[in-house]
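Before any comments, here is the structure.
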Amino acid sequence: IAFGNAIIKNCTSKSAEKIKSELDTPHNLSLSKNGNPQVLIYHTHATESFEPSDRGYFDTDGSWRSTDPDRNMISVGDALTSVLAENGIGVIHDGTMHDDPSYNGSYQRSAVTIKKHLSENPEIKICLDIHRDAIEPSEKEIIKPTAVVNGKKAAQIMIIAGCDNGKMNMPGYWENL
């Protein structure tokens with residue numbers, strides 16, 4: 001479903017028309033510029049990184065994970081944190097590497113981090129888990145999705161709102177969309 005410059009993959013039983021109608025309905029997120037943290041940025045897979053060369057795909061033999069915060073998703077979170085703070089939005093950026101040393105269990109570990117921050121900062125309204133996007137059409141190839149923004153090639157982003165398809169407990173998915 002096309003929406004502005006985005007494409008929405010509908011994994012729900014809702015019709016495209018219903019989703020378009022919801023997206024066209026104005027919503028008031030009401031973030032205030034009072035200095036209190038209202039956004040939490042964290043990384044379930046903080047060690048996801050970008051290759052230094054631009055080939056349009058990842059070499060599966062290469063290293064596309066890094067514990068260096070200047071090369072992994074923590075740097076992306078730092079950049080987003082700066083933009084939000086410059087615009088008066090209170091933000092907490094947690095740079096815990098939930099996937100180091102083990103990728104397994106990283107979602108459970110990040111859930112602990114989220115719950116901690118939400119209990120300490122009840123005014124948080126938005127939690128963003130920042131990942132590097134990649135598409136794996138085969139075992140030997142991982143595509144690096146890119147877009148051209150203002151004439152420069154940039155990494156594409158993916159925003160996952162989740163859905164309550166009966167397999168996951170995401171009761172606020174419709175509002176998140």
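For the range 126-141, the set of residues classified as surrounded by 11 or more Cβ atoms within 10 Å (Cβ to Cβ) and either over 20 Å from GLN38 (Cβ atoms) or among the hydrophobic types (A, V, I, L, M, F, W, C) (or both) consists of ILE126, CYS127, LEU128, ILE130, HIS131, ARG132, ASP133, ALA134, ILE135, GLU136, GLU141, listed by residue number.
Scanning the range 81-125 for residues that are touching a residue at least 60 places away in the same chain (Cβ under 8 Å), within 21 Å of GLY172 (Cα to Cα) and open to solvent by less than 40 Å² (accessible area, probe 1.4 Å) yields a count of 6. Evaluate the range 138-149: report whether one residue or more is under 20 Å from PRO69 (Cβ atoms) and touching a residue at least 60 places away in the same chain (Cβ under 8 Å). Scanning the range 138-149, I find no residue that is under 20 Å from PRO69 (Cβ atoms) and touching a residue at least 60 places away in the same chain (Cβ under 8 Å), so the answer is no.
What number of residues within the range 52-92 are assigned to a loop (DSSP other than H, G, I, E, B) and modelled with pLDDT of 85 or more?
Total satisfying the criteria: 9.
The values are calculated or read from the model by the stated rules, or taken from the named source; none is laboratory data. Bear in mind that the values here come from a model prediction, so they are computed numbers and not experimental data. When we count neighbours, we look across all protein chains shown, and the Cβ atoms used for this are built from the backbone with ideal geometry, even at glycine. Just the protein is used for accessible areas: all its heavy atoms, side chains included, with ligands, DNA and RNA removed. Shrake-Rupley method; radii C 1.70, N 1.55, O 1.52, S 1.80 Å.
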